[in-house]
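Following: one structure in structure tokens, then a few remarks.
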Ligand SMILES: [Zn+2]
Ligand SMILES: [Zn+2]
């Protein structure tokens, strides 16, 4: 689970350090510190993360494979803007994977796990009440935490990037009328998981995912509003 303030780097593992660079860039996308179309200066990022440029480049390559970053010849890396089709694809995938997470969680999670989840709900409410920009990310972390608590690392490895991409889509396409407070729905989920009611938990999870997704304004109009740096239509359509 990632908190608001994770350490800048880990001296022990190169792989982890690269993961952290990747995580930080993704977090900046979710928190809207980096906006669609914004240029990603490799040297500046390396400086900011106190890490070699080669590591930043590898993180950017990963983000490019996930279509969150695009490269332009002689110009470098830019934040891209997930398309409406991509949003639907990510949503559909998330819906079914998360139902499975909820079912497995009901079989596996013990009272310590339930306590960990309830602690996270506390954090979510604080972040929401303070109107912190990290609200979507912290809400998303609930789902990654739930997957982690199943103890199934393969499942977690599938869930984590889906949640991240969904959070970015959520941040970009959410209505200007405001951010949802999802802590109560998360609370209901934790209650059902604690009760071990797998079918009810899976249904609640899917309803929760739909609630978030259908609250978004998935229109070309919203997409062009989010495109404050004016990514060309050619580039928009390519994604
Ligand atoms: Zn949620
Ligand atoms: Zn609330």
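Between residue 85 and residue 111, the FRET efficiency from the beta-carbon distance, with R0 = 45 Å, is close to 0.60. The length gained by stretching the chain between residue 72 and residue 195 to full extension, at 0.36 nm per residue less their Cα-Cα distance, is 39.1 nm. For the chain, the alpha carbon positions stretch 57, 46, 33 Å along the principal axes, listed from largest to smallest. In degrees between 0 and 90, to the nearest 10, how far off the longest principal axis of the chain does helix 153-173 point, with axes built from Cα atoms? Roughly 60 degrees between the two axes.
Give me the percent of Cα-Cα pairs in the range 84-220 that sit more than 25 Å apart, rounded to a whole number. Result: 20 percent of Cα pairs exceed 25 Å. Computed from Cα atoms alone, the Kirkwood hydrodynamic radius reported for the range 5-146 is 17.2 Å. The fewest-to-most ranking of 229, 173 by surrounding Cβ atoms within 10 Å reads 229, 173. Shape descriptor for the range 14-80: Rg over Rh equals 0.92 (Cα atoms; Rh from the Kirkwood inverse mean 1/r). Using only Cα atoms, tell me the angle between helix 135-149 and the longest principal axis of the chain; keep it within 0 to 90° and round to the nearest 10. Between the helix axis and the principal axis of the chain, the angle is about 60 degrees.
If R0 equals 30 Å, the separation of the Cβ atoms of residue 203 and residue 225 corresponds to a calculated FRET efficiency of about 0.30. Ranked by the mean number of other Cβ atoms within 10 Å of their residues, highest first, the peptides 204-212, 160-168, 38-46 come out as 160-168, 204-212, 38-46. As a proxy for reagent exposure, ranking 111, 219 by other Cβ atoms within 10 Å from fewest up yields 111, 219. Calculated [222 nm] ellipticity per residue, helices only, for the chain: -22000 deg cm²/dmol; basis is -39500 (n - 2.57) per DSSP H run with n ≥ 4, divided by all residues, nearest 500.
For residue 58 and residue 214, the difference between the fully extended length at 0.36 nm per residue and the C-alpha to C-alpha distance is 52.7 nm.
Read-outs: derived from the displayed coordinates by stated rules, not from any lab. Small disclaimer: the values here were computed from a predicted structure and weren't measured. Heads up, the Cβs are rebuilt from the backbone with ideal geometry, glycines too, and the neighbour counts pull from every protein chain shown.
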